[in-house]
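Asks: Have a look at the structure that comes next, please.
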Amino acid sequence: MGRRREFDVEEALDAALCVFWRKGYEGASYADLTAAAGVERPALYSAFGNKEALFRKALERYYETYMDFIPAALALPTAYAVARRMLFGALELHTRYPEQPGCLGINGSLAGSDEAEPVRKALIEARANGQAQLRERFERAQEDGDLPKSAHSDVLAAFILAVSHGMAVQAKAGFSREMLEEVAEQALVAFPKVESGVAS
């Protein structure tokens, strides 16, 4: 019978998540991860596998725990409400924790070596999935007459995520929450609306 682990695996994962969030994938050393988790490297390996596997589990935890505003946004009744909730949900997350501003996904992928390419690809795939969900929601809005027929759902989805990702970078660079709120409001000015209740 194997020896029982002497640490809380869930707490260790949460601790590693915060390190990755703050330092990115490559910026997070094993010394950082083991110190935050309060365990030795062999124990971390035993519980999670290598660094890439640990990051993937941390990313999954991040989406489950911190990105719940996305399904909530997609369920809203109008495309404009969806866009607004996406942007303000993102900026709230980017600025909620002063010790780890920005977004885990963006912080983890802005730069990387060849060895980190699998992680970069995983992050790209995660963002692509999110963009596809948003595009499909805007397509439904267009079918319902909630967006003009001239609107391009794929471009709108990319636009909202580009602003969201840009705010993550700006939050990491020290932009204030108030400034990012103004950025989100400015972006929403460009969001297409149906004139007089009739799509055109």
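The values are calculated or read from the model by the stated rules, or taken from the named source; none is laboratory data. Remember, it's a predicted structure, so these values are computed and weren't measured experimentally. Glycine also receives a Cβ, built like all others from the backbone with ideal geometry; neighbour counts cover every protein chain displayed. Side chains are part of the model used for accessible areas, which takes the heavy atoms of the whole protein and leaves out ligands, DNA and RNA. Shrake-Rupley method; radii C 1.70, N 1.55, O 1.52, S 1.80 Å.
Asks: Please calculate how many Å² of accessible area region 1-134 carries per residue, with a 1.4 Å probe and no DNA, RNA or ligand atoms counted.
Replies: It amounts to 52 Å² per residue over region 1-134.
Asks: Moving on to the next point. K193: which lysines have alpha carbons under 23 Å from its alpha carbon, excluding same-chain residues fewer than 8 sequence positions away?
Replies: Qualifying lysines at Cα under 23 Å: K149.
Asks: Now, a different point. If you plug each phi of region 177-193 into the Karplus form 6.51 cos²θ - 1.76 cosθ + 1.60 with θ = phi - 60°, what whole-Hz ³J(HN,Hα) values come out, in order, with x for Gly and Pro?
Replies: 4, 4, 5, 5, 5, 5, 4, 4, 4, 5, 4, 5, 4, 7, 6, x, 10
Asks: At 10 °C and a viscosity of 1.306 mPa s, what translational diffusion coefficient does Stokes-Einstein give for the chain, taking Rh as the Kirkwood radius over Cα pairs? Give it in µm²/s as a whole number.
Replies: After rounding, the answer is 87 µm²/s.
Asks: Round to a whole number: what % of the accessible area of region 41-173 belongs to carbon and sulfur, probe 1.4 Å?
Replies: 53
Asks: Putting +1 on Lys and Arg Cβ atoms and -1 on Asp and Glu Cβ atoms, find which of L91, L59, M179 reaches farthest to the positive end of the dipole of the chain.
Replies: So the residue furthest toward the plus end is L59.
Asks: Quick check: residue separation of H152 and N129 times 0.36 nm, minus the Cα distance between them. What number comes out in nm?
Replies: Working: separation 23, 0.36 × 23 = 8.28 nm, distance 1.78 nm.
Contour length minus the Cα-Cα distance gives 6.5 nm.
Asks: Going by a ≥ b ≥ c, the root eigenvalues of the Cα gyration tensor, does region 51-106 fall in the rounded group (a/c under 1.5), the prolate group (a/b larger than b/c) or the oblate group?
Replies: oblate
Asks: Mind listing the phi-derived Karplus ³J(HN,Hα) values for region 56-72, rounded to whole Hz, using 6.51, -1.76 and 1.60 with θ = phi - 60°, and x for any glycine or proline?
Replies: 4, 5, 5, 5, 4, 5, 4, 5, 5, 8, 10, 9, 5, 5, 5, x, 5
Asks: Based on Cβ point charges of +1 for Lys and Arg and -1 for Asp and Glu, what charge dipole magnitude is obtained for the chain about its Cα centre, in debye rounded to the nearest 20?
Replies: Roughly 220 debye, rounded to the nearest 20.
Asks: Run through every distinct alpha carbon pair of region 1-120 and return the Kirkwood hydrodynamic radius in angstroms, one decimal place.
Replies: After inverting the pairwise mean of 1/r, the radius is 15.6 Å.
Asks: Please give the per residue volume of the convex hull enclosing the alpha carbon atoms of region 68-167, rounded to a whole number of Å³.
Replies: Considering the Cα atoms of region 68-167, their hull volume per residue is 94 Å³.
Asks: Once Lys and Arg get +1 and Asp and Glu get -1 on their Cβ, which of N107, T78, S150 lies farthest toward the positive end of the dipole of region 53-200?
Replies: N107
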